Amino acid sequence: MSAPTPETATSSDSARASLEALRTEIAKAVVGQDPAVTGLVVALLCRGHVLLEGVPGVAKTLLVRALASALELDTKRVQFTPDLMPGDITGSLVYDARTAEFSFQPGPVFTNLLLADEINRTPPKTQSSLLEAMEERQVTVDGTPRPLPEPFLVAATQNPVEYEGTYPLPEAQLDRFLLKLTVPLPSREDEISVLTRHAAGFDPRDLKAAGVRPVAGPAELEAAREAVTKVAVSPEIAGYVVDICRATRESPSLTLGVSPRGATALLSTARAWAWLTGRDYVTPDDVKALALPTLRHRIQLRPEAEMEGVTCDSVISSILAHVPVPR
């Protein structure tokens, strides 16, 4: 592997510094959600999408809005409801009486960061309207494909507690999400900090007043993505990723293991994490660090295992503890 030129190294270091500054900016609006911030940045670097799971009121929407502001990206929010139609997301043809022709009216999916709020509250027909956008990064209406802006990321949220009136995402759609991030309730200290900010006049609807400013943009993001593609992966690391994924297919607790697409996703996220931490090669620890968020939504528990209190995270953690680590 050829050594990077001084110009390339400088560009890579500058992009990394800009993305590291994101945490400081987002922390001005969101308290104590560093893992979720890191996951969203990893997804942007890998051109992937994110499923955010957490109870209402833990700042999932604010997190995405703050990220968009700090990256100077366009963002739109769609509240998914049972009566939402596919055209409400992708856009549709509208008749123009002045020209006596139909013209395409873009939907909210034509943005950089799409927040799909409570995605499991809309029927499968509408859920599936996002599949082409997420996979092909385009929308086809009346036989004409229309490319989406770049970068493009779908951040979909779902409530892990209330399942009444919901439509669980099918495995095929879950597999399209690069990461599933859990957004937990804040610690006591963080919750006190949230209340103190609100008492001092913090308005979550006015991020500029909170001091959130752009610290990176599409140029830095593209430079970072280019740098991630140059992160070296040894045959041993590739074998380690494959062994972890194959172990999920053989687990007695699971009816569905990780597919080869999941294995490539784990390798991609591990490379992005290695680059963010300042290395140009992947280690087993990078793979372990991203295994849970990358794989937890790609496996399915057996009913009897679920009744015994087994979780997807515990199965993956057990596999990580038993699969031999390359030296």
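Listed values, structure above:
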{"quantity": "Qualifying residue in region 257-278 (condition: surrounded by fewer than 21 Cβ atoms within 10 Å (Cβ to Cβ) and touching a strand residue (DSSP E or B) at 6+ places or on another chain (Cβ under 7 Å))", "calculated": "no"}
{"quantity": "Residue in region 269-276 that is touching a residue at least 24 places away in the same chain (Cβ under 8 Å) and under 20 Å from GLU171 (Cβ atoms) present", "calculated": "yes"}
{"quantity": "Unmet criterion (only one of (1) surrounded by fewer than 20 Cβ atoms within 10 Å (Cβ to Cβ); (2) in contact with a Leu (Cβ under 7 Å, 6 or more places away or on another chain)) for LYS180", "calculated": "(1)"}
{"quantity": "Evaluation of THR99 against (1) open to solvent by 60 Å² or more (accessible area, probe 1.4 Å); (2) polar (S, T, N, Q); (3) in contact with a helix residue (DSSP H, G or I) (Cβ under 9 Å, 6 or more places away or on another chain); (4) farther than 29 Å from VAL58 by Cα (one fails), failing number", "calculated": "(3)"}
{"quantity": "Residues satisfying the stated conditions in region 17-29, i.e. open to solvent by 10 Å² or more (accessible area, probe 1.4 Å) and of a type in the set (Val, Ile, Thr)", "calculated": "THR24"}
{"quantity": "Residues located in region 200-221, provided they are without any contact (Cβ under 8 Å) to a residue 24 or more places away in the chain and in a helix (DSSP H, G or I)", "calculated": "ALA219"}
{"quantity": "Output for region 224-237, where each listed residue is surrounded by 15 or more Cβ atoms within 10 Å (Cβ to Cβ) and part of a helix (DSSP H, G or I)", "calculated": "ALA224, ARG225, ALA227, VAL228, ILE237"}
{"quantity": "Matching entry among THR126, THR122, THR157 (being of a type outside the set (A, V, I, L, M, F, W, C), under 16 Å from the mean Cα position of the chain (by Cα) and open to solvent by less than 20 Å² (accessible area, probe 1.4 Å))", "calculated": "THR157"}
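The values are calculated or read from the model by the stated rules, or taken from the named source; none is laboratory data. Source: prediction; values computed, not measured. Positions of Cβ are generated from backbone atoms using ideal geometry, with glycine treated the same way; all protein chains shown enter the neighbour counts. Areas reflect the complete protein model, heavy atoms only, side chains present, ligands, DNA and RNA absent. Shrake-Rupley method; radii C 1.70, N 1.55, O 1.52, S 1.80 Å.
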